[in-house]
1. Which order results if I157, I543 are arranged by neighbouring Cβ count within 10 Å, fewest first?
2. Over the residues of the range 353-413, compute the C-alpha Rg and express it relative to 2.2 N^0.38 Å.
3. Once both axes come from the Cα atoms, what is the angle between helix 157-167 and the longest principal axis of the chain, in degrees from 0 to 90, rounded to 10?
4. Name the long-range amide H neighbours of L332: under 5 Å, sequence gap of 5 or more, or other chain; modelled H, no Pro or chain starts.
5. Among the listed pairs K205/K462; K156/K201; K188/K445, which have their C-alpha atoms separated by more than 23 angstrom in this model?
6. What's the ranking of 103-110, 173-180 by average number of surrounding C-beta atoms within 10 Å, highest first?
7. Just rank T434, T550, T29, fewest to most, by other beta-carbon atoms within 10 angstrom.
8. Hey, rough spin-label estimate for F455 and D499, points 7 angstrom out along Cα→Cβ, what's it come to in nanometres?
Amino acid sequence: MNSVIQEVTNRIIERSRKSRQQYLDKIETARRNGPHRGVLSCGNLAHGFAACSTEEKTDLTSLVKSNIAIVSSYNDMLSAHQPYEHYPAIMKQAIKDVGGVAQFAGGVPAMCDGVTQGNPGMDLSLMSRDVIALSAAVGLSHNMFDGALMLGICDKIVPGLLIGALSFGHLPTVFVPAGPMPSGLPNKEKARVRQAYAQGKVGRKELLEAESKSYHSAGTCTFYGTANSNQLVVEVMGLHLPGSSFVNPGTELRDALTKAASRQVTRLTDLGDNYTPIGHIVDAKSIVNGLVALLATGGSTNHTMHLVAVARAAGYEINWDDFSDISNAVPLLTRIYPNGSADINHFTAAGGMAMLFKELLGAGLLHNDVKTICGDGLERYTQEPFMQDGELSWRDGPKESFDTDVLATVAKPFKPDGGLSVLHGNLGRAVMKTSALRETHCRIKAPAVVFEDQFELADAFKAGDLDKDCIVVVRFQGPAAIGMPELHSLTPPLGVLQDKGFKVALVTDGRMSGASGKVPAAIHVTPEAYHGGLLAKVNTGDIIEINTETGEMCLHVDNDVLAQRKPRKANTDKHQIGMGREMFAGMRNSLTGAEQGACSLFAGQGNQHDG
């Protein structure tokens, strides 16, 4: 085992010893009452299976056949979730075929940053994760279930479902993906059109045509943002069937994997002799494995918050130092847009998850002494699924990459580190995704140009006010201020400035999404400006220095001068009313800082590392 990975794992276990034991005690207490429908009164049980068939009622009364909850994020507006429309029927039949019962326990909301980008709804995006967790918990709260199937794909949905499932950690739980859409317009061409539009060189018609060719059918977006990072991390944590993350929807193999996942959860319940609850699968080693895979593939920066919150739901405390140390220990093995020009389908064709598992396991970068939904260890995950004579089978994955421009080896990686830097200094702490940068490190010292709102930047860009070396500061974008919206719309104009030869970077207490690309962006700055962070005292013209090699993020203004400055007051009214945002005031007020997961669900349960 790699010594750094082992050391990080050990310190997570040690710092979390008390909270993890409390969690295990909680789920063991819940288990002792199961199967839970056995404690229901006749009236309770009658309500619970009133709509079931006579056969199903008999099965559920006997308490010897499993009842599996289906929790889904289906809606038919979002391409990634549209395929889930037909999953419940497929799952119910597959479970019936092996002598069990399945009930649709509940739906959870699923919103898309791609749709809400630059619009008021984006202010609800991050908070939707906690709503999803709460919704999943409500769906599982009826004491009717022996296991669960979680149907989710995109940004906040999978972390929310994970948090909700871990609150019912005594239940075996399998996550079921829907897969990416087939490849469309190449990502490099899409990025070119976006920048041309930002410069006024093409119109809205041309932009919409390019976007529609990129996002063109049912399935997950094909770039390596948070959605596909979710799928990769969940598989590495042992919660997917091997090789199931990136199989396209509407295929024979996709449906076969869905049926197999449904059957598999019935084998893990407490009614048999292979009881494997999700609370036992998701332990410190499983979480570290997820971090390793995320960083080895240049995955989404959103997980520097999501995985913190997920770990907390399982009784563990992790922080950005853990991310940083793991990033320094793992090599970058993939080039998937925005870290390259390939998409997730190209990654699969190059060797995909089986090859990735093989490389990471072979280098001692993954813990192999873990539980998964398929049993002990990760060797099964070096195999890939295929159809043979109409039946689902698995075979050994490729021994070498079919495209070394997309999927590399540990011996010859794209970079010696995982491409995530944790920055610190008088401005606080922040993270920067460096895997997609043109240079290995970001070293920039330049005057600040300060904005209180992301939309102010577009006007300054069009006026030519940013045609210079500068560090753009966009503040009051944090969790407590306005819900921490994604600021990905800033990428095209900043990319244009970069292409003109200017040295530019972004510093913000907001998010830049899993699609963070070639522009250096110090994001998730904590403490946020709204809660007294020094970011609130920065003036346009102040010199800021960012250096990922040394980990510095400093405001070069004399301390005496800073002491005399009054922090700028946030004007957040227009971000807190309308589009339902007024209903989330209580949640905004209870959100923790970015390094604590930007979470509202664990108030009063102790403090985490705050930098």
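Quick note: the coordinates plus some simple rules give every number you see, no bench work behind them. All values derive from a computational prediction rather than experimental measurement. All Cβ positions, even for glycine, are placed from backbone atoms using ideal geometry, and neighbour counts span all protein chains on display.
1. Working: I157 28, I543 13.
Taking fewest neighbouring Cβ atoms as first place, the list is I543, I157.
2. Details: Rg = 13.0 Å, N = 61, 2.2 N^0.38 = 10.5 Å.
Its radius of gyration relative to the 2.2 N^0.38 Å reference: 1.24.
3. For 157-167 against the chain, the angle is about 50 degrees.
4. When sequence neighbours closer than 5 places are left aside, the close amide H contacts are F414, K415, D417.
5. From K205/K462; K156/K201; K188/K445, over 23 Å: K156/K201; K188/K445.
6. 173-180, 103-110
7. T29, T550, T434
8. About 2.6 nm separates the two model spin labels.
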